[in-house]
1. How about segment 166-217: which of its residues are acidic (Asp, Glu) and open to solvent by 30 Å² or more (accessible area, probe 1.4 Å)?
2. Looking at Phe201, Phe194, can you tell me which residue is at pLDDT below 95, within 14 Å of the chain's Cα centre (by Cα) and assigned to a helix (DSSP H, G or I)?
3. Any residue that is at pLDDT 95 or above, among the charged types (D, E, K, R) and not in a loop (DSSP other than H, G, I, E, B) - is there at least one of those in segment 333-344?
4. Which residue out of Val306, Val298, Val330 is β-branched (Val, Ile, Thr), modelled with pLDDT under 95 and within 18 Å of the chain's Cα centre (by Cα)?
5. Which members of segment 63-82 meet the condition of being surrounded by 22 or more Cβ atoms within 10 Å (Cβ to Cβ) and among the polar types (S, T, N, Q)?
Amino acid sequence: MPVTLKTLLSGCLLLLTLWGCSAEYYIRAAYEEGRILWRRTPITTMLAEDGLGPDVRRKLQMVLDVRDFAADRLRLNVGGSYSAYSYVDRRVLLHVLTAVPKIALEPHTWWFPIVGRMPYKGYFDPDDAREEARSLAAQGYDTNIRPAGAFSTLGWFDDPLLGHLLKLDRVSLAEVVLHELLHNTLFVKGSVAFNESLANFVGKRGAIDFFVGRNGPHSPEALAARRAWREELEFSGLMMEMVGCLRELYGGNLPEADKLRRREQVFTQSRRQWARALEGRPDHRHASFSRRPLDNAVILQSLLYVTDLARFEEIYRREGKQLTRAIEAVRAGARDGGDPFDMLPASTPGGIAAKAVTYGICETP
């Protein structure tokens with residue numbers, strides 16, 4: 001798949017607006033994006049060749065099928081995304097930094113053209129990320145750096161399937177493709193938690209529908225996809241309760257030292273209650289949360305992907321369990337401006353959001 005100079009420079013400019021603004025960063029962004037674009041091979045070309053292992057062949061064909069499902073059934077803006085494969089020789093492409101004050105849940109943000117304010121910044125060099133984290137920590141922030149194996153161009157260009165994604169199981173791979181195609185379709189400037197949580201919902205709900213239609217409702221893939229979504233809803237419930245406790249604590253009139261002491265009690269209670277809720281389920285996808293050191297940066301980074309998932313699920317059920325209709329209902333609200341979460345239909349008495357499990361996190365000693 002040819003890469004013109006215009007395409008390469010446009011891609012680098014987009015990455016520049018997304019992730020940084022120094023001349024040195026521009027050069028590195030050009031190099032990284034250039035490697036990805038230059039190495040693209042149409043998946044159909046790969047499937048026509050001999051020598052592919054059976055598992056890789058099945059996954060590549062599945063990615064094309066997921067694209068068709070997203071376009072035909074979900075009406076997502078697919079374009080040429082995920083129609084090509086690109087080999088990248090490392091799993092971590094970016095090191096993503098989040099910084100949050102110790103007694104607030106309002107993240108430090110970086111402003112970029114096109115996408116607005118973002119509550120994180122990506123670095124190609126981990127040493128650069130660590131240096132910036134140390135600087136922010138000295139200013140009183142909690143900081144956290146997480147690895148990212150890919151970045152999206154939000155539909156501006158045809159993002160390829162990166163090679164290391166083929167190591168995912170089939171359900172997770174389908175979720176990733178649908179998640180990213182949702183970003184191509186709807187992106188609300190400056191509302192990262194909304195964009196990521198909606199994409200998480202569509203990725204997981206969409207994977208259920210895809211595998212039910214492809215392999216049947218009782219197939220291993222369909223059952224695994226249902227379980228993944230149930231576990232994500234559970235974790236979202238825990239996070240929303242914990243964040244509610246912390247916001248109340250941070251907004252109170254206690255001295256800073258008392259807030260810091262009591263937030264540790266909230267963290268401890270959250271881990272304890274989550275471990276209790278998952279007794280006998282060590283393979284839950286979020287089981288490790290009960291063992292993680294917690295601070296505001298860790299919490300906010302997780303929250304970006306699980307904010308108000310129960311409300312999206314409630315809209316899905318209200319729309320007759322038709323994912324396409326649910327996506328349209330959310331899109332219609334997002335067009336009205338303002339905080340997109342405020343534009344979502346309100347939860348109804350007796351709805352899934354009202355029935356969420358209570359973990360008793362606020363009941364600290």
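1. Within segment 166-217, Asp169, Glu180, Asp209 meet the criteria.
2. Only one candidate passes the filter, namely Phe194.
3. no
4. On inspection, the qualifying residue turns out to be Val330.
5. Within segment 63-82, Ser81 is the sole residue that qualifies.
The values are calculated or read from the model by the stated rules, or taken from the named source; none is laboratory data. Keep in mind the model is a prediction, meaning the values are calculated, not measured. Every residue, glycine among them, receives a Cβ derived from its backbone with ideal geometry; neighbour counts consider all protein chains shown. Calculation scope for accessible area: heavy atoms of the full protein, side chains included, ligands and nucleic acids excluded. Shrake-Rupley method; radii C 1.70, N 1.55, O 1.52, S 1.80 Å.
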